[in-house]
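The values are calculated or read from the model by the stated rules, or taken from the named source; none is laboratory data. Quick caveat, the model's predicted, so the values are computed rather than measured. Cβ atoms come from the backbone with ideal geometry, glycine included; neighbour counts cover every protein chain shown.
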Amino acid sequence: MTKKKNPKPARGTPDQVASASAGESRSAKPRKTPLKTKGGQGRKPEHKLVQLAPEQQKFHDLLRECTIQERKFVLAVLEGHNYTQAAIRAEYAESRAPETGSRLVSRGRVKNALEAGYEAAGISPARTLAFIAALANFDRSQIETIVRQRTTDHEERPAQQVAEQVRRELEIVRSAVEDLKIEEADEAEIKPLQMRLSRLRLRVMDLEILLDQDPNALTIVEVERLEEIPLIDLKKARELGLSRFIKGVKRGKYGYEIELHDFMDGVDRAARVHGLYKERLSVENPDGTPLDMVRNASADDMGKLLAAYDQLRGRS
C-alpha cells in the first residue's frame, strides 16, 4: 500500500503565501482565443462592418424570403434579362421558361423582392417615371452655347464683277510691293507679297479669257462666313443640374461633341426594366397561320382541329 505524499507547506510570510495562491488561481483560468475566420484574420471589429442603406437592407431581407431558384431569378431580372431568360438562368426547365417567368413575377415574395431591388438600385418605378417626365420636358437649348466659327463656302457670281474686284486687289498689292522696295525692306517681307501679286495676275488673266468667250459668264468664288454653331456647354449643364441627360462626350471639329439621351429610348428602357411589356409565346400552325388556344374544348371541336391538322399534313 503506497502512502500519499503530502504537499510541502508553503514557505514565507502569510501575505506572501496569499499572493502566491491568488496568482496561481488567475493563471489557471483558460485563455480566450480570438475566433478565427477564413484567412486567419479573426473577427472584424464592429466599426469596420459594412453598414447597408435602408433600401439595401430591405432588399436583402426580402430576398432571403425567396427560395434559392427564386433568388437567382430575381438577380437575373435585376441584371437586365427578360423573364424567360431569367428563368433559364435560375435553372428552371427551359421548355417552360416563358410560363415559369410569368408565374414567378406574380408571386408575392418574388414581386416584393424585385421592387425592393429596383428601389435599392435607385430605379424605382416612381423615380423612373419622374426621370422620364423630366426628360420629356428637357430642352437642349437650356444647356447650349452659340459659338461663331469662320467657315469657307463657294458661290456663283458674275465674272465681270469678280474681275473688277481682283483688279482693285491687284493694284493695292502692287502699290505695297513698290513701297517696300523704296524703303529697302527685307526680302523675307517682300517675297510673300510678290507671290500674291503673281497669283492675282493669273486670276485676272483667267477672268479676261472667260469674259472674252462670254460677257455674261459666271464664275465660282470662295466666300468666308461666320456660322453660328450650337454646342452643349458642360459647365452650364452641371450648374443647372442637367448633366444626367448627357449620354456621351467626344472631341470633334468645333470642340466637344455631346450626345444626349433620347426620350423614346429612355421610355423603352424603363418599360422593359419594370416589366411593362408583356412577353407573348407565339404558336403557329404548320402553314404559318396563328393557332388558337383551345380551352375546355368539346369532342366536336377537337375532332375539327384534328381533321384540319390531317388535311394540312396531306398537303405537305
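Summary of values
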{"quantity": "Single residue of E119, E55, E99, E46 found to be of a type outside the set (K, R) and at pLDDT 90 or above", "calculated": "E99"}
{"quantity": "Residue check for V110: under 25 Å from the mean Cα position of the chain (by Cα), buried (at least 21 other Cβ atoms within 10 Å of the Cβ) and not small (G, A, S)", "calculated": "no"}
{"quantity": "Pairs with Cβ under 8 Å, 6+ apart, first in segment 191-205 and without any contact (Cβ under 8 Å) to a residue 60 or more places away in the chain, second among the small types (G, A, S) and in a helix (DSSP H, G or I)", "calculated": "L193/A176; V204/A163"}
{"quantity": "Selection from segment 61-82 of residues that are out of contact with any Cys (no Cβ under 9 Å at 6 or more places or on another chain), surrounded by 14 or more Cβ atoms within 10 Å (Cβ to Cβ) and closer than 22 Å to G122 by Cβ", "calculated": "L62, L63, C66, R71, L75, A76, V77, L78, H81, N82"}
{"quantity": "Helices (runs of 4 or more DSSP H) contained in segment 146-255 and holding at least 2 residues more than 30 Å from L135 (Cα to Cα)", "calculated": "159-182, 187-213"}
{"quantity": "Residue in segment 94-103 that is of a type outside the set (G, A, S), assigned by TED's automatic domain parsing to the domain that holds E115 and in a loop (DSSP other than H, G, I, E, B) present", "calculated": "no"}
